[in-house]
Amino acid sequence: MTSTHRDQIHRDRDRPDWASDPAARRGQAVRAAVVHGLIRPEEPVVGLLDVTGIRQYATALITAFSEVTAPGTPQLHAFAVKACPLVPVLRLLAAEGLGCEVASPGELALARAAGVPAERTVFDSPAKTQAELREATGLGVAVHADNPQELARLDELVGSARGSAPAPLGLRVNPQVGGGAIDALSTATATSKFGVALRDEGAREWIVRACLDRPWLTRLHAHTGSQGLPLELMAAGVRETYELAQEINAAAGRRQIDTLDIGGGLPVSFATDEPPAFGPYARLLRTTVPGLVDGRYGLVTEFGRSLLAKNGLVLARVEYAKSAGGRAIAVTHAGAQLATRTVFTPGAWPIRVAAYDAEGRPKRGPAVAQDIAGPCCFAGDLVAENRELPLLEAGDLAALLDTGAYYFTNHFAYNSLPRPAVYGFLPDPAAPGGVRFALVRRLQTVDEIVAESGGAERDALIG
């Protein structure tokens, strides 16, 4: 490490803006990652998580809804595990007051491994098996039936419990309020695969009757979608669900539906460091659906991307710098295996790339149009195309920003590339570079890749 680099790190360590400036935290973490040897020729890609930022976002979410709800309103903010299925992250969020929303037996196991109590866990999936329903309800995990056939399976479970629900049970509805900018993430369209389509002929009447026939159905769940949805459309989906709950309760002559799960899906800005709009969304709900927050209903949310995306980055070493057709190309170790959505649908999922030199300092120099390519063996493996950045050279570092959700934790095993190590970072004046790193997930080994690819059964097809 050069004396200039050392002096820069000491100046950063003494800066007062660690808590208030995510860009400053990110920059210091990149430099410290080099000092700690987390990124090097032998380990050319790593995921970094900003623990301070995660805590701040969790607090912002809880505060935003506490400020608009009546005192004493039961609230559960359940983190959507699919966004970052890492046990230490789930445990951190639980320590900050959040629960878990799971959508598979694997995610349920992760939540349990993190110590998240069953009463702070919600199980949503459009394809739950009988065994999965039995396990979840047996543990006391809240379950939302997706369709009439699944509701019939819950009938059997409740019947075996002699009429008392073994866990909080509800029904997912599709408010059919329309889609946003990304079709694949719009879950309240007319033909969405999720929930009971509320506006289909006879559906509303069926839902009301189904609830009246089952006094143990006490929840309604709806999720309008995620990235690409305007807040107003999300609020419209919540309003439709609230009005349905009011209709059911009026027909029952009592408060049968006592909890509304409004899903998550708060959009994330992938162009700036702007934080998610927890406060504006909560205030919009108070204006749009005042009965939601006046204390008559318990409230469950399921935010995922908005809590983690901006609090993580992928740091990748530039292995080679080349050119083709007059275009500069930086070949890195982060491509479709990590940034799968960005590579295959770049228009919907553009991400920022920051250029650093080999010592982790911001790269200087004139901006040059260049491609940031990944290691996968197909031509379209580009995380950024014709992007203007200081010219990256072999040994430099490319940081893929806002990738704390759905990137290094949702691996696409193309070319049998390993899952990278993931570290959380915190300020620590006593640590090299003023930053302490905690291993969240270790680098996947080649032996582990062979094992999960049938290595132990190598003669299965010829024996």
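The values are calculated or read from the model by the stated rules, or taken from the named source; none is laboratory data. Only a predicted model underlies this, so the values are computations on that prediction, with no experimental measurement involved. When we count neighbours, we look across all protein chains shown, and the Cβ atoms used for this are built from the backbone with ideal geometry, even at glycine.
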Discussion item. Would you confirm whether or not segment 17-25 contains a residue that is among the charged types (D, E, K, R) and touching a strand residue (DSSP E or B) at 6+ places or on another chain (Cβ under 6 Å)?
Written reply: yes
Worksheet item: Looking only at segment 33-56, which residues are of a type in the set (V, I, T) and within 21 Å of A95 (Cβ to Cβ)?
Response: V51, T52, I54
Practice prompt. Please work out which one of (1) over 26 Å from R91 (Cβ atoms); (2) β-branched (V, I, T); (3) at pLDDT 85 or above; (4) surrounded by fewer than 18 Cβ atoms within 10 Å (Cβ to Cβ) is the condition T59 fails and give its number.
Written response: (1)
Discussion item. Could you check segment 222-258 and list, in sequence order, the residues that are at pLDDT 95 or above, outside any helix (DSSP H, G or I) and touching a strand residue (DSSP E or B) at 6+ places or on another chain (Cβ under 7 Å)?
Written reply: Q256, I257, D258
Worksheet, complete the sentence: Note on segment 389-410: residues assigned to a strand (DSSP E or B) and out of contact with any Ser or Thr (no Cβ under 6 Å at 6 or more places or on another chain) are L389, P390, L397, A399, L400
Worksheet entry | Lone unmet requirement of (1) surrounded by fewer than 16 Cβ atoms within 10 Å (Cβ to Cβ); (2) at negative phi; (3) outside any helix (DSSP H, G or I) for L38 | (1)
Worksheet item: Out of (1) without any contact (Cβ under 8 Å) to a residue 12 or more places away in the chain; (2) farther than 24 Å from S306 by Cα; (3) not in a helix (DSSP H, G or I), the odd one out for E205 is which?
Response: (3)
Worksheet item: Would segment 455-462 turn up any residue that is outside the structural domain of L315 (by TED's automatic domain parsing) and acidic (D, E)?
Response: yes
Worksheet item: Just for strands (runs of 3 or more DSSP E) wholly inside segment 62-159: which have at least 1 residues that are surrounded by fewer than 23 Cβ atoms within 10 Å (Cβ to Cβ) and at pLDDT 95 or above?
Response: 75-80
Discussion item. For segment 356-388, give me each residue that is in a strand (DSSP E or B) and either over 20 Å from G27 (Cα atoms) or not assigned by TED's automatic domain parsing to the domain that holds A324 (or both).
Written reply: V368, A369, Q370, D371, A373, L382, V383, A384, E385, N386, R387
Worksheet entry | Candidate set: segment 398-443, residues that are farther than 22 Å from L308 by Cα and out of contact with any helix residue (DSSP H, G or I) (no Cβ under 9 Å at 6 or more places or on another chain); chosen: the one surrounded by the fewest Cβ atoms within 10 Å (Cβ to Cβ) | A430
Worksheet item: Within segment 256-279, which residues are closer than 11 Å to L220 by Cα and not β-branched (V, I, T)?
Response: Q256, D258, L260, D261, G263
Worksheet entry | Residues of segment 339-367 satisfying the condition of being out of contact with any strand residue (DSSP E or B) (no Cβ under 6 Å at 6 or more places or on another chain) and of a type in the set (A, V, I, L, M, F, W, C) | V343, F344, A348, W349, A358
Practice prompt. Working only within segment 259-282, note down all residues that are surrounded by 22 or more Cβ atoms within 10 Å (Cβ to Cβ) and in a strand (DSSP E or B).
Written response: L260, D261
Worksheet item: Of the residues in segment 160-194, how many are over 25 Å from W349 (Cβ atoms), outside any helix (DSSP H, G or I) and modelled with pLDDT under 90?
Response: 8
Worksheet item: Quick one: would you say L285 is in contact with a strand residue (DSSP E or B) (Cβ under 8 Å, 6 or more places away or on another chain), modelled with pLDDT of 95 or more, assigned to a helix (DSSP H, G or I) and not aromatic (F, W, Y)?
Response: no
Response to the item:
When (1) in contact with a Ser or Thr (Cβ under 9 Å, 6 or more places away or on another chain); (2) in contact (Cβ under 8 Å) with a residue 24 or more places away in the chain are applied to R120, the one that fails is (1)
Worksheet entry | Identity of the residue in segment 302-333, in contact with a Lys or Arg (Cβ under 9 Å, 6 or more places away or on another chain) and among the hydrophobic types (A, V, I, L, M, F, W, C), that ends up nearest to T272 (Cα to Cα) | L313
